[in-house]
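Enquirer: Before we start, here is the structure in question, set down as structure tokens.
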Amino acid sequence: MIHGAELTRMQEEYLRMLIRYVCENGDIATVVLQQPPFNKFPVIFRDSRESLIDYVKLISQVIAV
């Protein structure tokens, strides 16, 4: 769960994919989120898009430390 949001299996897999990308590349730019396979987030997070945005911000904060 992210900030109290319950995630579906697809949402969890999407977030794992984001984490793998960051581990391999050191960070993730917003332009990457607009490219496959990351551009699927509107379908996967249609009801909880704010949770995804918060998660990406959290990843960036952790990387900046």
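The values are calculated or read from the model by the stated rules, or taken from the named source; none is laboratory data. Treat the numbers as computed from the prediction; the structure is a model and nothing was measured. FYI the Cβ positions are ideal-geometry reconstructions off the backbone, even for glycines, and counts take in every protein chain you see. Surface accessibility is based on the protein's heavy atoms, side chains included, excluding ligands, DNA and RNA. Shrake-Rupley method; radii C 1.70, N 1.55, O 1.52, S 1.80 Å.
Enquirer: Which members of segment 1-26 meet the condition of being open to solvent by less than 70 Å² (accessible area, probe 1.4 Å), assigned to a loop (DSSP other than H, G, I, E, B) and at pLDDT below 80?
Expert: Within segment 1-26, G4, L7 meet the criteria.
Enquirer: Within segment 50-65, track down each residue that is farther than 15 Å from E12 by Cβ, polar (S, T, N, Q) and either loosely packed, with under 12 Cβ neighbours inside 10 Å or at pLDDT below 70 (or both).
Expert: Correct list: Q61 only.
Enquirer: Provide a single number: the residues in segment 30-49 that are modelled with pLDDT under 70 and either surrounded by 11 or more Cβ atoms within 10 Å (Cβ to Cβ) or on the phi > 0 side of the Ramachandran plot (or both).
Expert: 2
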